[in-house]
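The values are calculated or read from the model by the stated rules, or taken from the named source; none is laboratory data. This structure is a prediction, so every number in the text was calculated from the model and none was measured. Here the Cβ positions follow ideal geometry from the backbone for every residue, glycine too, while neighbour counts run over all protein chains shown.
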Amino acid sequence: MSADATNEGALGRRRGRPRIDLRRLGRAALRGSGARGRLPDAIDHVAKVHRAHHPGADLDILRRAYVLAESSHRGQTRKSGEPYITHPLAVTLILAELGAETTTLTASLLHDTVEDTEVTLDQVREQFGEEVRFLVDGVTKLEKVDYGAAAEPETFRKMLVATGNDVRVMSIKLADRLHNMRTLGVMRPEKQVRIAKVTRDVLIPLAERLGVQALKTELEDLVFAILHPEEYARTRDLVLAHATRTDPLQATAVRVRSVLREAGIAAEVLVRPRHFVSVHRVRLKRGEPSGSDLGRLLVLVTEDADCYAVLGELHTCFTPFISEFKDFIAVPKFNLYQSLHTAVAGEDGQAAEVLIRTHQMHRVAEAGVIALGNPYTGPETPDAPDGERVDPTRPGWLSRLLEWQRATPDPDTFWTSLRDELAQDREVTVFRADGGTIGLPAGASCVDAAYAQHGDGAHGCLGARVNGRLATLSTVLRDGDTLQLLMSPDTVSGPSPEWLDHARTPAARIAIGRWLANHPTPEPGASPTAPPAPPAPGPPRPAAKAAGPAPAGPVVVAEQAHLAAASVRLAGCCTPVPPDEVTGFAVRGGAVTVHRAQCPAVDRMVTSGRDPVGVQWRATDGEGARDYRVTLRAESFSRPHLLADLTEAIAAEGAAVISAAVEPPHEQRVRHTYTLQLSDAARLPELMRAMRRVPGVYDVERAGRPVAAAPL
């Protein structure tokens, strides 16, 4: 059985409309265009369907478009032997059933005239206006694309550009492909397989992302029948076998109608059968499906608030499966889809899935961007770059794809990343801390979120807070997480190569890869910003003494008279500098070791019974220069060249690095501990501020003796 025989007209049947006999339309077309000004019989049904969606539509332009298309294609036939005009008629009918506006239908009737007849784009503009010419030109360019495997990257790039400039171009192309797939049975088997694979890999994912579920699901079934005929036949037989049995969903629908009627909620309750591919997926996931698995309940109401009222009644009067609840009304999917999803125990005890939405949501769920009509105020938008139109309904993912294709000169790289993106059939929604949401594929990380929100500006991302807690950029985001990205306001060295390990979206991978290609990592030992050479380690800093020449600057002296001639040493564990509050302890040899008052060693010595010695800073004058040592600890996110940037900032503040210890990175965080030498202790606060300004550093504090410190 051919795909043509089993699936033609599935869209019309699913939407409750009678199947259209295209042979009858062909015969009507052969009878001519009818009397002047009269609507031809061949498009009478198209006109009725169109008027059902758009009661005030002007049908004269459709009549004129049909007359031109029929006369231009006269004498041409399809491989099936039918008059060629039946193809643009069928494509237009598909779009009319989805609620497409008049301009789209006009272009659909004419979409093959410029490619296959003597009609020119100038003629189309003169007779139907610039908007129709633009759409026909876009579809014509897609028709010229080679669908061979070697041409796939450039094929998709061209399709993407055409789609981005006007999503209605892709709507016509999808309807065109649907009718061709319905009639693919006349082609050679190898050509059927080739066309089915391109449909699976390129057009079905695009239909999903444009939200045109009615086209997507039928295309899936047609591809399924060609590429997996045995599984298709098994699934079809299963569905046919259940068709002769009592449908448990119908009994559940009766109960739902009764519950909602008693609650005073006006609602339409329908049983919505699953298409064949959906049934096949249920079998793979749950095993042999039951009657309740072969469909879902669809509840249609008028207002958004009614959706939640229905949900409340269902969860009150039935046993709900809470794990199945999803709210795509509060947080719509990336392709405009809105609905409440839940499941309740049905008549057979099995879970009955329920979709709850308004009539308008249902139209958008079925037709996606097609249901949004003509979003353009004019044929051209002067301030749009490169003549591109500004489309307020264009999904955000489509805008991102257009940016990626512009930024990626290599079509193979673009194609590989894009196929990964299109293969994602699940998305998580992340709430930004500053308001708004970010839609990402399941498994995406904070790296992906950074590039989705900031584009190339994400090169300056330092880290993130997820649900209020500090998190690494590798953290995988879950649906409903709240995200705050920590961005550097200054120029940064750029992303680390390790970021590619955490990037799942093409936006992130392309941007990171482009930056890394333009900024190759230097060879080992050839750092572009070498840290300054530290002074050679010397003996411990000379202690201040009561006798002899007094050094310039503040010095520590003991207050007790009997210690006036004692050596005074600054403790290495906390390296105090003025104006730190200090205290001292007598050690062997009559010396005094001075600690910061907050040093943990102070508490330990007091607890052990040692008496503190009062000490204080005293300003003195003298000929010599006085140096001070201090130990600082910098907490930062790991990134390339961080050590070089920190030491450069330290040197710029006039401090010298005596020793440094870098602990191994943990979850992309790293700790640097420096012992520094300052000529002026008063510069310490500014030094710490300068270190905090280094991109990647989120905290700098005074620390004790570094662990395993090694000279630089």
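Quick notes on this one:
- Of all the listed residues (Glu303, Glu288), the sole one being surrounded by fewer than 16 Cβ atoms within 10 Å (Cβ to Cβ), of a type outside the set (Ser, Thr, Tyr) and over 27 Å from Val369 (Cβ atoms) is Glu288.
- Within the stretch 256-281, the set of residues being farther than 26 Å from Arg363 by Cβ and touching a helix residue (DSSP H, G or I) at 6+ places or on another chain (Cβ under 8 Å) comprises just one member, His280.
- Arg671 closer than 24 Å to Leu473 by Cα and assigned to a strand (DSSP E or B): yes
- Leading residue by the ranking (farthest from Gly463 (Cα to Cα)) among those in the stretch 663-684 that are of a type in the set (A, V, I, L, M) and either surrounded by fewer than 17 Cβ atoms within 10 Å (Cβ to Cβ) or under 48 Å from the mean Cα position of the chain (by Cα) (or both): Ala682
- For the stretch 424-467, a residue qualifies if it is outside any strand (DSSP E or B) and among the basic types (Lys, Arg), and exactly one does: Arg426.
- Sole residue being at pLDDT below 90, surrounded by fewer than 17 Cβ atoms within 10 Å (Cβ to Cβ) and on the phi < 0 side of the Ramachandran plot, chosen from Thr316, Thr244: Thr244
- Among all residues of the stretch 245-265, there is none that is of a type in the set (Ser, Thr, Tyr), assigned to a helix (DSSP H, G or I) and under 28 Å from Val167 (Cα atoms).
- Failed criterion for Ala471 (all others in (1) surrounded by fewer than 19 Cβ atoms within 10 Å (Cβ to Cβ); (2) free of Cβ contacts under 8 Å to residues at least 40 places away in the same chain hold): (1)
- Top-ranked residue of the stretch 480-526 - restricted to ones that are among the acidic types (Asp, Glu) and assigned to a loop (DSSP other than H, G, I, E, B), ranked as modelled with the highest pLDDT: Asp481
- Condition met for Leu260 (touching an Asp or Glu at 6+ places or on another chain (Cβ under 9 Å), buried (at least 18 other Cβ atoms within 10 Å of the Cβ) and under 21 Å from Thr246 (Cβ atoms)): no
- A residue that is outside the structural domain of Ile204 (by TED's automatic domain parsing) and free of Cβ contacts under 8 Å to residues at least 40 places away in the same chain occurs nowhere in the stretch 291-299.
- Qualifying residue in the stretch 50-67 (condition: surrounded by fewer than 24 Cβ atoms within 10 Å (Cβ to Cβ), of a type in the set (Ser, Thr, Tyr) and either closer than 17 Å to Ile172 by Cα or modelled with pLDDT under 90 (or both)): no
- Leu222 being surrounded by 22 or more Cβ atoms within 10 Å (Cβ to Cβ) and under 22 Å from Arg281 (Cα atoms): yes
- When Gly443, Gly457, Gly480 are checked against the criterion of being loosely packed, with under 15 Cβ neighbours inside 10 Å, more than 15 Å from the chain's Cα centre (by Cα) and of a type outside the set (Lys, Arg), a single residue qualifies: Gly457.
- The helices (runs of 4 or more DSSP H) falling completely within the stretch 190-243 that include 1 or more residues that are of a type in the set (Phe, Trp, Tyr) map to 213-227, 229-243.
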